[in-house]
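This report concerns only the one structure given below.
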Amino acid sequence: MRGMHRSMFFQVLAGVVAGLAVGAIWPGFGADLKPIGDGFIKLIKMIIAPLIFCVVVTGIAKVGDLKAVGRIGLKAIIYFEVVTTAALALGLLVGNIVGPGHGMNIDPSTLDPNAVEQKTGGAHLPGTVEFLLNIIPSSVVNAFATNSLLQVLLFSVLFGVALAAFAEHSGPSLVLKMLDELTQIIFRVVGYVMKLAPLGALGAMAFIVGQYGLSSLSAFGMLIAACYGAAILFCLVLVVIAKVGADVNLWKFIRFTREEFALALATASSESVMPRMMAKLEQAGCQKAAVGLVLPTGYSFNLDGASIYLSLATVFLAQAVGVPLSLGDQIVIVLVLMLTSKGMAGVPGSAFLALSATLAAVGSIPAAAVSLLLGADRIMDSMRVFTNLLGNCVATFVVARWEGLLNRDQLDEALGKEAVKTA
């Protein structure tokens, strides 16, 4: 027990408890602490783009096999599509079995049709063509300035491939050595920023409780229970996938990364732990090429928790307004969400926009019904963040194992002891 107070896990947990207390006792003051949590997340986000660039470029350059890089990307996309589709189907299944919206008998005419637009600030989800074109940056500088992960990733892959090709003819590159050293410097900066993690957790949790209160838990009890129950079932599926696909004990990995998961839950942001999680995955035996390509791509393409929530919420809304969904309607829901869920990253109010697009495709459910979720959506963040993050870590392990980029000895050593500090 000695020295426990020095553990980041303990410190973040203390910040969460303090935030809960502040938000519950002084709701107004708690809501005013939002800038503290936001400031911490911004500090982390400022590091993400250069970190991805360094990890991806050095990973590709060191692998040297350019065909392997293509295989990693292709296998990751196929894996993402299969698993997120399964998550969507699970959400539908749980929604049909539990029926969280039955008995609400909401009259659609009493709902505010402009509530969702006010929440999203007039934003929109990109179409398929627009989404694909947006992966190509208008300029490299703009990609880094706006923290557009897929754009940074695309440039990093091209740069890494070019650097690897250059090294084939000219031998070891000074650029690669410099990027290796820059990566270590960036992780040192991450270490400095993470010292503020408990304070960031306090501010974020105080805001959530102070702004939204605990009363909304009872108002949407069945929906919340259904979403979290479905997420638990899906996490058990991930346990099996990790064991069968990569021979990884996921329980030990969660223990190894408990500080990162605690912080992600406290700040309701998986981006806040991306740098640390990349380091932990490398410590757990995944080579840089796999970590750098799979994990950042998963933040846009592999939103398992969001997929569960979106499909289950669609069923909930139909039940709440008394609209029966046929098998054909539910197939349409899956197909639409397979597309809209990929364009959610970085769009304000993206869950509401994806749900609105889905209801429009089904046709029989009034779009204004989405406003029913305004009070419950924030409570789902913990479920979405944890499941999204865990799903992307499992994907990294599985793809790394497929490509022979998983060091078994290093994995066993990492998961067999306490988490190693990254800085």
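The values are calculated or read from the model by the stated rules, or taken from the named source; none is laboratory data. From a predicted model like this one, the values you see are computed outputs, not experimental measurements. Quick reminder, even Gly has a Cβ in these numbers, built from the backbone with ideal geometry, and neighbours come from all protein chains shown. Note: areas computed on protein heavy atoms with side chains; ligands, DNA, RNA excluded. Shrake-Rupley method; radii C 1.70, N 1.55, O 1.52, S 1.80 Å.
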query: How much area per residue is accessible in the range 4-415 when the probe is 1.4 Å and only protein heavy atoms are counted (Å²)?
result: 42 Å²
message: Counting C-alpha atoms alone, how compact is the range 234-333: give Rg to one decimal and Dmax as a whole number, in angstrom.
response: 17.2, 51
message: Given all pairs of different Cα atoms, what value in angstroms does the Kirkwood hydrodynamic radius of the range 4-415 take?
response: 22.1 Å
- line: With a 28 Å threshold on alpha-carbon distance, the violating pairs from Lys42/Lys280; Lys243/Lys280; Lys67/Lys280; Lys195/Lys243; Lys195/Lys252 are Lys195/Lys243
- line: The answer for Cys286, listing residues at least 5 apart or on another chain whose modeled amide H is closer than 5 Å to its amide H, is Asn407
message: Quick check: Cα centre of the range 48-89 to Cα centre of the range 143-165, how many Å?
response: 12 Å
query: Suppose every K and R has +1 on its Cβ and every D and E has -1 on its Cβ; what is the size of the dipole of the range 206-322 about the Cα centre, in Debye to the nearest 20?
result: 220 debye
